[in-house]
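Student: Below is one structure. I have some questions about it.
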Amino acid sequence: MSYFKDIIKYEKKYRKFTVLNILFNILYAVFNVLSVLAFIPVLGILFGKEQRITKEPIFQGISKIGDYLRDSFYYFISQRIENNGEINTLVFICLLALSLFFFKNLFRYLASYVITFLRTGIVKDLRDKLYKKIVELPVAYFTEKRKGDIIARMTSDVQEVESSILTSIETIVREPLTVIISITIMLFMSLKLTLFVFILLPVSGFIISSISKKLKANSLKAQKETGNFLSFIEETLTGLRIIKGFNAESVIQKKFNSSTLSFKKLMTSVFHRQTLASPMSEFLGSATIIAILWYGGTEVLSKTSALQPDEFFGYIVLFYTVLNPIKLITTTFYNIQKGEASAERIMTVLNMENSIKDKPNAIVKKVFKSQIEFKNISFKYKNEYVLENFSLTLNKGETIALVGQSGSGKSTLANLITRFYDVNKGEILIDGENIKNITKKSLRDLMGIVSQDSILFNDTVANNIKLGNQKATDTAILEACKIANADEFIQNLSQKYSTNIGDGGNTLSGGQKQRLSIARAVLKNPPIMILDEATSALDTASEQLVQIALEKMMENRTSIVIAHRLSTIQKADKILVLHKGKIVEQGKHQELLAQKGEYFKLVTMQSLS
């Protein structure tokens with residue numbers, strides 16, 4: 001139940017609703033027991049004249065308070081029969097019973113009413129905390145996890161926690177109170193018979209707990225499988241053109257069907273065990289009642305019990321009112337076991353250690369002054385080093401281009417300087433300060449990024465551009481778009497800068513999306529610019545427009561340009577040719593061509609293509 005406790009910690013913020021719920025549930029439990037207790041024995045007094053009490057009882061100490069309260073109530077009823085007659089007393093008893101049932105259900109409703117604020121509040125906080133954590137976690141975490149699994153944790157797992165655990169909170173509070181009050185009164189009525197009950201109940205508990213262990217295990221597997229088929233859906237929607245283009249619908253369908261079949265089998269097992277809870281607890285409860293009826297009935301009939309026949313009947317009815325709460329507690333226990341699996345998956349994310357975080361004394365760097373230095377850095381994603389003992393110095397105002405075959409480590413450098421990943425060895429310095437000593441926010445404030453994939457959001461043109469500068473004015477946005485050669489096509493959109501560009505900007509062409517990405521970087525106005533293959537996905541016409549925009553953007557800035565298309569980097573101050581994580585050549589465009597080495601080969605291959 002450790003993850004259940006982790007979820008319940010979120011209750012602290014809503015403590016007033018918990019207190020109100022407990023108060024209303026105590027009142028519900030009291031009226032629930034009274035509605036049973038006050039009814040049956042009173043009818044015995046009404047119809048059995050020999051049971052009437054004519055002498056007012058005397059209080060004989062706290063140990064006999066139960067007898068005193070019972071006899072006082074019986075005396076009150078007896079006096080009322082004497083003074084008002086049997087018919088009027090019967091009317092009074094009916095009204096009393098009706099009042100007890102009314103208040104019982106009123107307090108039950110009020111308890112459920114206030115607990116709703118607790119449930120919905122915790123669900124909101126869990127989702128908010130999960131989203132915050134997902135945004136905070138390093139990029140490396142998501143290269144190892146499937147998107148569908150992350151989505152499943154935020155949706156179906158949180159939903160499962162609400163339906164299985166949070167809906168159980170009220171039962172956990174209310175039903176034990178009913179059981180405690182009922183059993184306390186049962187102890188007062190017959191200590192011997194109640195102790196006999198206590199011997200039987202642990203046997204039931206053992207049977208129930210043995211079934212629930214398997215339930216949690218299967219629930220955990222089922223939630224993992226939910227993540228799998230959500231991943232299939234996400235991948236299908238992303239790659240639908242390729243699936244159709246390669247006539248691979250049946251292949252993908254087969255994989256999806258395999259996942260849902262596995263999920264079906266697991267959930268069938270879960271539901272079978274879950275539905276077993278209620279009938280199992282009811283059967284065990286009925287067996288207990290029959291055992292009490294045999295044991296207690298023998299005692300009453302042989303006159304060895306202090307209970308009168310009508311009191312024994314009341315005892316049986318009172319125990320029966322205990323059975324339903326115990327049955328609900330059992331079902332709740334099963335639900336919590338089922339929800340524990342989802343709670344575990346949620347808490348695994350929330351408790352995940354962020355490997356890339358600010359040091360306690362990290363500095364806020366607001367200005368880039370002189371140079372960036374990669375000093376003997378080595379880095380590996382898994383087992384093999386992508387960069388090894390790599391060194392590079394970039395002075396302020398310079399443009400350095402990185403070229404080389406795929407896998408040579410170009411994009412890795414962009415990931416390292418922005419601290420999306422941390423180096424395994426060596427250090428990266430900005431103005432002589434290790435970037436690990438600088439806060440992530442201030443480090444990234446110094447940089448603008450234009451990547452190969454134009455990452456845009458389902459929002460307006462203006463909101464996409466001012467992502468990194470929320471306070472930007474309309475004039476500043478317009479200027480940024482002119483520099484990025486984007487204003488012309490934006491003016492032709494239906495609502496200009498207020499046009500919603502759709503999911504991922506899918507209403508725009510590749511060149512238009514890239515120019516919006518450049519405008520976003522320009523508006524941020526950082527001193528360091530990182531261009532990660534910013535034109536590789538474009539056609540020749542779009543590339544020329546984007547290249548002009550990039551050149552305008554890089555003026556008076558320090559730039560790291562990663563490029564496949566070598567035509568885009570001819571004006572760089574220095575070109576570095578990388579091979580397997582090492583610099584094999586460096587110099588200006590014409591110098592490298594004259595060497596007729598690796599760079600010459602790359603240019604020749606592109607010219608031929």
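Student: Of all residues in region 411-434, count the ones that are among the hydrophobic types (A, V, I, L, M, F, W, C), in contact with an Asp or Glu (Cβ under 8 Å, 6 or more places away or on another chain) and assigned to a helix (DSSP H, G or I).
Tutor: Residues that pass the stated criteria total 2.
Student: Tell me which residues, restricted to region 477-488, are modelled with pLDDT of 85 or more and either over 14 Å from Ile518 (Cα atoms) or of a type in the set (Val, Ile, Thr) (or both).
Tutor: Ile477, the sole residue that qualifies.
Student: Scan region 347-366 and report the pairs whose first residue is in contact (Cβ under 8 Å) with a residue 12 or more places away in the chain and whose second residue is basic (Lys, Arg) and assigned to a loop (DSSP other than H, G, I, E, B), with Cβ atoms within less than 7 Å and a gap of 6+ or a chain change.
Tutor: From residues that are in contact (Cβ under 8 Å) with a residue 12 or more places away in the chain, the pairs are Ile356/Arg419.
So that you can scan it fast, the table gives a plain yes or no per residue for (1) on the phi > 0 side of the Ramachandran plot; (2) at pLDDT 70 or above; (3) surrounded by 12 or more Cβ atoms within 10 Å (Cβ to Cβ); (4) more than 28 Å from the chain's Cα centre (by Cα):
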residue	(1), (2), (3), (4)
Phe229	no, no, yes, no
Glu234	no, no, yes, no
Gly245	no, no, no, yes
Gln253	no, yes, yes, yes
Asn257	no, yes, yes, no
Thr260	no, yes, yes, no
Met267	no, yes, yes, no
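Student: Sticking with this one: Is it fair to say Asn383 is touching a helix residue (DSSP H, G or I) at 6+ places or on another chain (Cβ under 6 Å) and modelled with pLDDT under 85?
Tutor: Taking the combined requirement at face value, the residue does not satisfy it.
Student: Considering only region 355-382, state which residues are over 39 Å from the mean Cα position of the chain (by Cα) and in a loop (DSSP other than H, G, I, E, B).
Tutor: Scanning region 355-382 gives Lys369, Ser370.
Student: Out of the residues in region 276-312 meeting the condition of being of a type in the set (A, V, I, L, M, F, W, C), surrounded by fewer than 17 Cβ atoms within 10 Å (Cβ to Cβ) and modelled with pLDDT under 70, tell me which one is nearest to Val197 (Cα to Cα).
Tutor: Ala306
Student: Here's a follow-up. Have a look at Leu126, Leu130, Leu96 and point out the one that is surrounded by 13 or more Cβ atoms within 10 Å (Cβ to Cβ) and more than 13 Å from the chain's Cα centre (by Cα).
Tutor: The match here is Leu96.
The values are calculated or read from the model by the stated rules, or taken from the named source; none is laboratory data. Predicted model, so just to flag it, every value in this text is computed and none were measured. As a convention, Cβ positions derive from the backbone with ideal geometry for all residues, glycine included, and neighbour counts pool all protein chains shown.
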